[in-house]
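To start, the structure itself, in structure tokens.
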Amino acid sequence: MNTLTPYLPCTDGARLGFGGAPMGNLFEALSDANAQQVLSAAWRDGCRSFDTAPHYGHGLSEQRMGALLRQQARVQFRLSSKVGRLLTPSAHVPREQFAYVDGLSNVQHWDFSRSGIRRSVEDTLQRMGLNTLDAVYVHDIDAETQGAQAPHVLQQVLSETLPELTQLKQEGLITHIGLGVNDHRIVLEVLKHADLDALMLAGRYTLLDTSALPELMSTLLTRKVALALGGVFNSGILAKRLTQNADVTFNYARASAQWVHKALHIQNIADLYGVSLRAAALQFALAHPATHIVMLGVRTAAEWQDARVADKAVIPMAFWTHLQREGCIPMEAPLPTPPHT
């Protein structure tokens, strides 16, 4: 087994992992029993890479994942979590925080300091009942999230966060250091000053949004940064069949008319070839040589199985070249290759 990678494929070689946001009750509550049911189903199906974060349900996702993973041999899976937010128990926690419903009774605050990073990793391991993490991502340091504090946060990440993670790596608590972000531009900025082992990037290299393609994707290959893509359905708009007046989400907010129009155009072309929009979105994300794995945020075992079917769907090359001719995807984007029959 290759201990140098922060990600493992499924036992049949499929490059799909389990993203933990739904296990933290993102948008709606999920019972503990149902959470364990979907986690166990993915494990039985061969999933061996799991990602979570303190942010996801204020520790609930980590707690639920830990309940499954600590029953398995540690060498059989890869696990990542994130730092940047510390959790503090509180008797006055609202039912909904940051779109997570009925999470643990904790409140969040930002902390990128050396002591905060060490405490965050130790707290995560305690919540999960484990003693090591395969990757730790510095979470949400982009300007949209941090606002006016973004320049200060970047400097602190470079001067305190990454050095402390390096120390934790030397101590054997973690094995890979990276960023977990929704904005590719902050990754390029960090790479000007520091090396990274891994990256969790959500929503910026998808069938709909290829903004990471011109510069970041090639940089990751050159710098040997292992890429896990999240949000390949852009938080909903590519996840199911669209209608003209669909109320769908893009980047965790209501999709603008521009994105809906583009997605409908892609869907209309997909219909000409009998292609599922969901399958096209998943396979496009996996086709780039920088992509090591796609992390799927699923809520049910059926959603996991649907993604497994989408990963194996046969999509004709004519579909992809049609998208390129129409300007739906860049001409330079790597295209999936149909399996040989």
Look at Thr210 and say whether it is buried (at least 16 other Cβ atoms within 10 Å of the Cβ), farther than 23 Å from Ala135 by Cα and either out of contact with any Ser or Thr (no Cβ under 9 Å at 6 or more places or on another chain) or touching a residue at least 40 places away in the same chain (Cβ under 8 Å) (or both).
-> yes
Given the structure, is Trp259 surrounded by 18 or more Cβ atoms within 10 Å (Cβ to Cβ) and out of contact with any strand residue (DSSP E or B) (no Cβ under 6 Å at 6 or more places or on another chain)?
-> no
From the list Leu86, Leu130, Leu104, Leu125, which residue is modelled with pLDDT of 95 or more and in a strand (DSSP E or B)?
-> Leu86
Do you know which residues across the stretch 214-247 are part of a loop (DSSP other than H, G, I, E, B), more than 16 Å from Arg204 (Cβ to Cβ), modelled with pLDDT of 85 or more and not charged (D, E, K, R)?
-> Ala239
Which residues, taken from the stretch 226-276, are closer than 17 Å to His322 by Cα and of a type in the set (A, V, I, L, M, F, W, C)?
-> Ala263, Leu264, Ile266, Ile269, Ala270, Leu272, Val275
Enumeration of residues in the stretch 323-341 that are crowded, with 17+ Cβ neighbours inside 10 Å and part of a helix (DSSP H, G or I) | Leu323
Considering only residues that are under 24 Å from Glu160 (Cα atoms) and among the charged types (D, E, K, R), look in the stretch 173-207 and name the one that is surrounded by the fewest Cβ atoms within 10 Å (Cβ to Cβ).
-> Lys192
Starting from the stretch 45-59, keep only residues that are farther than 13 Å from Trp304 by Cα, then list their pairs with residues that are of a type in the set (Val, Ile, Thr) and buried (at least 24 other Cβ atoms within 10 Å of the Cβ) whose Cβ atoms are within a distance under 6 Å, requiring at least 6 positions of separation or different chains.
-> Ser49/Ile293
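The values are calculated or read from the model by the stated rules, or taken from the named source; none is laboratory data. Source: prediction; values computed, not measured. With ideal geometry, Cβ positions are generated from the backbone for all residues, glycine too; neighbour counts draw on all protein chains shown.
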